[in-house]
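**Student:** Right, I'll just put the structure down here and ask away after.
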Amino acid sequence: AAFPEVVGVGGTTVTTGPGGTTQTAWSNTHGATGGGYSSLFTRPAYQNGTVTNAMRGVPDIAMDGDPQTGLLLYASGDNGCKTSNNRCAVGGTSLSAPLAAASLASILAVRGATSGLGDIHSLLYSAPAGSYTDVTSGNNGAYSAGPGWDPVTGWGTPLWTSLLAPTAGTTPYVAITPVRVVDTRSGVGGVASAPLAAGVPYTLALAGTSLPVGQQAYAFNVTAIGPVGPGNLRLTPACGTAGTSSLVNYQPGKDVANFVIAANPNGCNAFTLVSSGSAANVAIDALGYYTAGFASVSPTRVADTRTGLGGTTGPIAAGATASFAIAGTAGVPADASAVAVNVTAIGPDGVGNLRIYPDGGAVPDTSNVNYIPGVDKAAFTVVQLPADGKIDIASAGSAVNVAIDVFGYYPATSNLVTAAPVRVLDTRTTSPLAPGVPYPVQVTGVAGVPADAQAVLVSLTAIHTATSTGIGNLAIYPAGPGVPTVSTINYVGPDSDVANFAIVPVGSGGMVDLVSRGSPTDAALDIVGYVPAP
């Protein structure tokens, strides 16, 4: 490990509890990590200004190395297993080094890399703040862990997506495998393990998460879980005035989710989450971030049919369509190629759905917002802007009022490709999704998506039919090993189809996977655009 061209990996002890996950140096309780200073190699240039000793300091980074918090390996026969059930606790270098290598390789694979990075020491020692979980307690018998680099855990545990963040402005969107950054039920994200109280703001700080700080905007899926009464959630930049546009509208006992692209003005690097109405638990899943190509605006209401804002007064009648001018409002320029909007169906008196599409086009067969009587429902989406800068909203079902909030736009120079929705999956023609069984869907080579696309923009709908009447949730994620614990849609009963927007990295074989948790449900998947390869 002391060889200057080798990345030395120290060991930590990982503890997970109600308050979240903590790490200490792997100390003498179950063995101990190595670390110290080489007697053979002088301090390499990349450690100048970091290591004060004249000799090479190790390790550079750290990962879980304690066999008591590591992995269990099953081996048939004896094979060195010391337990009666042939399960061996794996730790030490045999755990921490492969974890580091595999984490790096998996992130590069998601980014579409076809080769490695070579010597990454300069990357590790020049990383910006927030690129590591600093391990500051514990010892190896000779040295103690402390703030910053130390000869026990190095810089700490890498947050690889931060370390490998593209230089700002070099790529429009970086899709990541979804990761949960807030969950008020378990304390993930540093929140109290309790529902978010009405009117009490919670700050989501990017530092300490796996997301790189300082990016232009971030993509999240926000879920209200088990609310005790009606209300809504707002997520806005923590710097400046809190927005008034609702993101998630919820009713008692029903989980509901919505996607959002949240602006990060002036490097704020934090977001404020507020519940208006009754208390509710909240989960936030990070899906990706923009370094360029997306112009954020503070959420701005540009239309509300209750007041006539935007030119249409009164509910949109069943089967009718209303047009709304977007370009030239809320800072959206006339030549913007697409707009990110949150559309809310307000006070419907019956069942129906809203269909959002570029002005002048044919009304699509796909829905964006599905509503039931008396329940407000919001949905986020990205819509291509035609030459006149307008979008159309059609009501299929009962009459309903509509509000439109603009969250940002894509400049004319953006290489994001948006299009009219193209349905690539509808399980009503086959059979509902079986709970817990991943369902692969081809998303490249169809609907105009090229083979090297980095991610796809999709609308996913859970559809309740006679054979799918229970509750549960759907997740969509890159095809490949592992099912994430995050959700994209929460469905709540036989009378309510539920849709949500998502930007999903393309997985193995140009595919994404769907998985349902709960009762069987039918599902439809519509492709509305894609993110080209970087």
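**Student:** For a Förster distance of 60 Å, can you work out the FRET efficiency between the beta-carbons of SER106 and ASP349, rounded to the nearest 0.05?
**Tutor:** Between SER106 and ASP349 the formula returns 0.75.
**Student:** Rounded to the nearest 0.05, what FRET efficiency is calculated for ARG185 and ALA54 with R0 set to 45 Å and r the Cβ-Cβ distance?
**Tutor:** With a Förster radius of 45 Å, E is 0.35.
**Student:** Considering the Cα trace of the range 111-164, what is its radius of gyration and what is Dmax, both in angstroms?
**Tutor:** Computed over the Cα atoms of the range 111-164, radius of gyration and Dmax are 13.2, 42 Å.
**Student:** Net charge near ASN342: determine it from the other residues with C-beta under 14 Å of the C-beta of ASN342, scoring Lys and Arg +1 and Asp and Glu -1.
**Tutor:** Its environment carries a net charge of 0.
**Student:** A further question follows. Kindly provide the helix-only [θ] at 222 nm of the chain, computed as the sum of -39,500 (n - 2.57) over DSSP H runs of four or more divided by all residues, to the nearest 500 deg cm²/dmol? Let's see the in-between values first.
**Tutor:** Values: 3 runs with 27 residues, N = 534.
Result for the chain: -1500 deg cm²/dmol, rounded to the nearest 500.
**Student:** Would you rank VAL531, VAL14 by solvent-accessible area, highest first, keeping every protein chain in place and using a 1.4 Å probe?
**Tutor:** Per-residue accessible area, sorted high to low, gives VAL14, VAL531.
**Student:** What's the ranking of 318-330, 451-463 by average number of surrounding C-beta atoms within 10 Å, highest first? Before the final figure, lay out the partial values.
**Tutor:** Values: 318-330: 16.9, 451-463: 22.2.
Those peptides, ordered most packed to least, come out 451-463, 318-330.
**Student:** Taking the Cα centre of the range 228-369 as origin, work out the dipole magnitude from +1 charges on Lys and Arg Cβ and -1 charges on Asp and Glu Cβ, in debye rounded to 20.
**Tutor:** Using Cβ point charges on Lys, Arg, Asp and Glu, the range 228-369 gives about 240 debye.
**Student:** I've got another one for you. Which residues in the range 384-408 place their backbone N less than 14 Å from a point set 7 Å from the Cα of ALA317 along the Cα-to-Cβ direction?
**Tutor:** In the range 384-408, the label zone of ALA317 (backbone N under 14 Å from the point 7 Å along Cα→Cβ) covers 395-400.
**Student:** Report, to the nearest 10°, how far helix 93-110 tilts away from the longest principal axis of the Cα atoms in the chain, using its own Cα long axis and a range of 0 to 90°.
**Tutor:** Value to nearest ten degrees: 30.
**Student:** Please list ASP405, ASP119 in order of solvent-accessible area, largest first, computed with a 1.4 Å probe with all protein chains present.
**Tutor:** The ranking, largest first, comes out as ASP119, ASP405.
**Student:** What relative contact order, as a whole-number percentage, does the chain give when Cα pairs under 8 Å and 6 or more residues apart are counted?
**Tutor:** 12 percent
**Student:** If you rank ARG355, ARG517, ARG423, ARG87 by how much accessible surface each has, with a 1.4 Å probe, what is the order from largest down?
**Tutor:** ARG87, ARG423, ARG517, ARG355
**Student:** By per-residue mean of other Cβ atoms within 10 Å, what is the highest-first order of 344-352, 248-256, 188-196? Don't jump to the answer; show the numbers that get you there.
**Tutor:** Values: 344-352: 19.0, 248-256: 21.2, 188-196: 17.4.
Descending packing order for the listed peptides: 248-256, 344-352, 188-196.
**Student:** Quick one: accessible surface of HIS464, probe radius 1.4 Å, all protein chains present, in square angstrom to the nearest 10.
**Tutor:** 20 Å²
**Student:** Within the range 439-459, list the residues whose amide N lies under 15 Å from a label point set 7 Å along Cα→Cβ of VAL422.
**Tutor:** 442-459
**Student:** How large is the direction-averaged shadow of the alpha-carbon convex hull of the chain, in nm²?
**Tutor:** Dividing the Cα hull surface by four gives the mean projection, 26.5 nm².
**Student:** If you take every DSSP beta bridge fully contained in the chain, what fraction is antiparallel? Give it as a percent rounded to 5.
**Tutor:** Working: 135 of 142 bridges.
Taking every DSSP beta bridge within the chain, about 95 percent pair in antiparallel fashion.
**Student:** Okay, moving on. On a full-extension model of 0.36 nm per residue, what is the gain between ALA334 and SER508, subtracting their alpha-carbon distance, rounded to one decimal in nm? Show your work: numbers first, answer last.
**Tutor:** Details: separation 174, 0.36 × 174 = 62.64 nm, distance 3.84 nm.
Between ALA334 and SER508, full extension yields an extra 58.8 nm.
**Student:** Hey, rough spin-label estimate for THR22 and ALA387, points 7 angstrom out along Cα→Cβ, what's it come to in nanometres?
**Tutor:** 6.4 nm
**Student:** Starting from the Cα coordinates of the range 348-506, work out the convex hull volume and express it per residue in Å³. Let's see the in-between values first.
**Tutor:** Numbers: hull volume 22.3 nm³, N = 159.
Per-residue hull volume (Cα only) is 140 Å³.
**Student:** When all protein chains stay in place, what accessible area (Å², nearest 10, 1.4 Å probe) is found for CYS268?
**Tutor:** 20 Å²
**Student:** Just the number, please: Stokes-Einstein D of the range 269-398 in µm²/s, Kirkwood Rh from C-alpha pairs, 37 °C, 0.692 mPa s.
**Tutor:** It comes out at roughly 202 µm²/s.
**Student:** Calculate the dipole size of the chain relative to its Cα centre from +1 charges on Lys and Arg beta carbons and -1 charges on Asp and Glu beta carbons; express the result in debye to the nearest 20.
**Tutor:** Dipole of the chain, to the nearest 20 debye: 480 debye.
The values are calculated or read from the model by the stated rules, or taken from the named source; none is laboratory data. Quick caveat, the model's predicted, so the values are computed rather than measured. Here Cβ is always computed from backbone atoms with ideal geometry, including for glycine, and neighbour counts include all displayed protein chains. What goes into the accessible areas is simple: the full protein's heavy atoms, side chains included, and nothing from ligands, DNA or RNA. Shrake-Rupley method; radii C 1.70, N 1.55, O 1.52, S 1.80 Å.
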